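Here the structure is laid out as structure tokens; the discussion comes afterwards.
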Amino acid sequence: MVIVVHGGLAEGEFLASDALLRACEVAKEAMKGKEAIEGVESAVKVLEDDPRLNAGTGSFPNLLGEIEMSAGVMKDDYSCGGVAAIKNIKNPISVARAVMEQTRHILLVGEGANLFAHLLGFEPYDPRAELTIKTWKESLHKAEEEKRPIYRYYLEKAQEKLQETHWGTVGAVTKDEKGGLAAGTSTGGVKVQLPGRVGDSPIVGCGTFACPWGAVSMTGEGEEIMRWGMARRIGEWMEEVSAQEAVNRGMEIALEKKIPCGVIAISKHGEIGWGANGGALPLAYWKEGMEKPLFMLVD
């Protein structure tokens with residue numbers, strides 16, 4: 001078995017290394033005798049439940065102060081599922097898996113995603129945390145500096161909601177005892193986010209990808225990761241080269257196109273690859289033969 005998890009592209013000192021290490025331990029137990037997707041879901045749920053990370057509890061709010069989350073999962077047989085702009089759910093990664101396993105669809109969004117979760121028995125949950133409110137206020141301050149007039153509308157609405165009332169995207173890639181691969185990514189979005197915005201995390205081949213040659217999870221500037229289909233490129237390159245070489249190729253594109261991003265990858269051979277551009281990537285990993293998971297800050 002092999003497990004790698006990440007906590008998003010860093011903007012400052014990372015204070016949640018314990019969460020990444022715990023995610024590896026939980027995934028290791030969950031995968032015993034089971035598929036790689038069990039490890040992915042279990043690891044990401046640990047990270048979604050930590051208010052220091054921008055996924056699940058503690059997600060970034062949009063400019064109206066609402067939390068719209070996204071998550072995606074994928075297996076090496078190209079099975080995949082995702083949710084986008086889902087609200088009031090504790091673990092979007094679990095709903096994404098349900099989309100993969102219980103529907104003919106790949107992506108459910110907004111009210112449809114919430115209705116689907118409700119019908120499956122997912123309990124309503126308020127993912128706001130103290131960090132969420134702090135981040136929202138920081139976003140409003142930055143939005144006030146925007147010259148585009150459309151931001152004025154959101155600021156006016158946000159001021160109304162203010163009376164009512166970190167860290168980045170998380171992800172995991174795993175390889176199970178039989179050699180199966182899976183990837184998953186979950187996010188609360190970005191600062192200064194317009195309502196309805198969807199980034200790369202739930203989009204197949206962009207922020208999340210798995211194929212017979214490897215599994216990939218990404219974080220960073222979602223719009224550019226989508227534009228260049230980063231995760232799919234890295235995943236398919238692993239047919240020809242090692243996981244680290246595939247990641248290096250991706251980072252070359254990121255550097256050329258000035259895309260702030262981070263990536264973790266596992267190849268079908270169990271090789272691990274990671275890289276970051278425009279920041280530091282906190283990650284933890286574990287593989288057979290290691291006594292315990294290790295934490296790293298990659299830049």
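Quick rundown of the values:
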{"read-out": "Matching entry among LEU294, LEU283 (being surrounded by 23 or more Cβ atoms within 10 Å (Cβ to Cβ) and either among the acidic types (Asp, Glu) or modelled with pLDDT of 95 or more (or both))", "value": "LEU283"}
{"read-out": "Conditions (1) over 21 Å from GLY7 (Cβ atoms); (2) touching a Leu at 6+ places or on another chain (Cβ under 7 Å); (3) of a type outside the set (Phe, Trp, Tyr): number failed by LEU53", "value": "(1)"}
{"read-out": "Sole exception among (1) touching a strand residue (DSSP E or B) at 6+ places or on another chain (Cβ under 8 Å); (2) surrounded by fewer than 20 Cβ atoms within 10 Å (Cβ to Cβ); (3) on the phi < 0 side of the Ramachandran plot for GLU252, by number", "value": "(1)"}
{"read-out": "Top-ranked residue of region 26-60 - restricted to ones that are farther than 18 Å from MET290 by Cβ and of a type in the set (A, V, I, L, M, F, W, C), ranked as modelled with the lowest pLDDT", "value": "PHE60"}
{"read-out": "Candidate set from region 168-193 (those that are hydrophobic (A, V, I, L, M, F, W, C) and touching a Phe, Trp or Tyr at 6+ places or on another chain (Cβ under 7 Å)); member that is modelled with the lowest pLDDT", "value": "VAL190"}
{"read-out": "Residue selected from region 10-54 under the condition buried (at least 24 other Cβ atoms within 10 Å of the Cβ) and part of a loop (DSSP other than H, G, I, E, B), by the criterion nearest to the chain's Cα centre (by Cα)", "value": "ASN54"}
{"read-out": "Qualifying residues in region 193-231 (those that are assigned to a loop (DSSP other than H, G, I, E, B) and polar (S, T, N, Q)) - the one surrounded by the most Cβ atoms within 10 Å (Cβ to Cβ)", "value": "SER201"}
{"read-out": "Every pair of residues 6+ apart whose Cβ atoms lie under 9 Å, when the first sits in region 1-25 and is at negative phi and at pLDDT below 90 while the second is surrounded by 21 or more Cβ atoms within 10 Å (Cβ to Cβ) and hydroxyl-bearing (Ser, Thr, Tyr)", "value": "LEU9/THR169; LEU9/THR219"}
{"read-out": "Single match in GLU221, GLU245 (criterion: charged (D, E, K, R) and within 27 Å of ALA19 (Cα to Cα))", "value": "GLU221"}
{"read-out": "Filter result for MET1 (crowded, with 19+ Cβ neighbours inside 10 Å and either closer than 19 Å to PRO202 by Cβ or of a type outside the set (Asp, Glu) (or both))", "value": "no"}
{"read-out": "Residue list for region 109-127, filter: modelled with pLDDT under 95, within 20 Å of the chain's Cα centre (by Cα) and surrounded by fewer than 19 Cβ atoms within 10 Å (Cβ to Cβ)", "value": "TYR125, ASP126"}
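The values are calculated or read from the model by the stated rules, or taken from the named source; none is laboratory data. Keep in mind that this is a model prediction, so the values were computed, not measured. A quick note on method: Cβ atoms are made from the backbone with ideal geometry, for glycine too, and the neighbour counts reach across all protein chains shown.
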